[in-house]
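The values are calculated or read from the model by the stated rules, or taken from the named source; none is laboratory data. In this text, all values refer to a predicted model and were calculated from it rather than measured experimentally. Cβ atoms come from the backbone with ideal geometry, glycine included; neighbour counts cover every protein chain shown.
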Amino acid sequence: QKEVEQDPGPLSVPEGAIVSLNCTYSNSAFQYFMWYRQYSRKGPELLMYTYSSGNKEDGRFTAQVDKSSKYISLFIRDSQPSDSATYLCASRHPGTYKYIFGTGTRLKVLA
Amino acid sequence: DTEVTQTPKHLVMGMTNKKSLKCEQHMGHRAMYWYKQKAKKPPELMFVYSYEKLSINESVPSRFSPECPNSSLLNLHLHALQPEDSALYLCASSQDTVDTYEQYFGPGTRLTVT
């Protein structure tokens, strides 16, 4: 079982829709969770990170962690065509520098 | 400034060539990483340097040789690569503490081995 799992998509939504991107994880020791956005042929860009359970909001983006169900979500409000990219969730083995990534979900926002 | 720079952007090399990839950051980060990313796959960790010392080697073949000359620079020396090594090579950096989770990536070097 992969430590972080993510539906690869693609996920297509109309402009202005609320997008929900999700990951599950299996390692109970994971405490911090990150979301990256990666445009085609570019490096990943850190969008947000969140600790343990709860919500964190940054502009149109909200990250949510539910530790009881080992579920991580990223919500994008008022989605724009420029949000079209692959979104990667990640965590890190505590006490190490080893980051674990989900496979990424490809998102297309249609104008 | 959260910028990690990488050169070159693109590299084509033959299987007998020797080349190097370079990475630089000026954020004062003391942990630096090399990742390999194939199309439609997540980044795959190769090496981690912490305070210029190799901390993690994910059983990478010896044809890849990392080097960290100082706290701002990271190199990846390539020799006798195989066509299956063609990928996007990403450098990243983060703070040196195990409680810091923000990791910043460079734009990558797209490597093609012919």
Unique match (being more than 11 Å from chain A (Cβ to nearest Cβ), of a type outside the set (Val, Ile, Thr), touching a residue at least 60 places away in the same chain (Cβ under 8 Å) and part of a strand (DSSP E or B)) among B:Leu78, B:Leu74: B:Leu78
Set B:Thr112, B:Thr16: member being touching a residue at least 24 places away in the same chain (Cβ under 8 Å), over 23 Å from A:Arg37 (Cα atoms), of a type in the set (Ser, Thr, Tyr) and outside any strand (DSSP E or B): B:Thr16
Residues of region B:83-109 satisfying the condition of being more than 13 Å from the chain's Cα centre (by Cα), at pLDDT 95 or above and assigned to a loop (DSSP other than H, G, I, E, B): B:Ser86
Residue under evaluation A:Ile72, criteria (1) at pLDDT 90 or above; (2) within 12 Å of chain B (Cβ to nearest Cβ), criterion not met: (2)
Search result, residues across region A:35-55 that are closer than 20 Å to A:Val4 by Cα and among the charged types (D, E, K, R): A:Arg37, A:Glu45
Hey, B:Ser59 within 11 Å of chain A (Cβ to nearest Cβ) and of a type in the set (S, T, N, Q) or not: no
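Could you list all residues from region B:1-35 that are farther than 23 Å from B:Leu81 by Cα, within 12 Å of chain A (Cβ to nearest Cβ) and in contact with a Gly (Cβ under 9 Å, 6 or more places away or on another chain)? Can you show your working first?
Quick first cut of region B:1-35, residues farther than 23 Å from B:Leu81 by Cα only: B:1-5, B:24-31.
If we keep only those that are within 12 Å of chain A (Cβ to nearest Cβ) as well, we get B:2-5, B:29-31.
Of everything in region B:1-35, those that are farther than 23 Å from B:Leu81 by Cα, within 12 Å of chain A (Cβ to nearest Cβ) and in contact with a Gly (Cβ under 9 Å, 6 or more places away or on another chain) turn out to be B:Glu3, B:Val4, B:Thr5.
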Candidate set: region B:36-56, residues that are surrounded by 14 or more Cβ atoms within 10 Å (Cβ to Cβ) and touching a Ser or Thr at 6+ places or on another chain (Cβ under 8 Å); chosen: the one farthest from the other protein chains (Cβ to nearest Cβ): B:Glu52
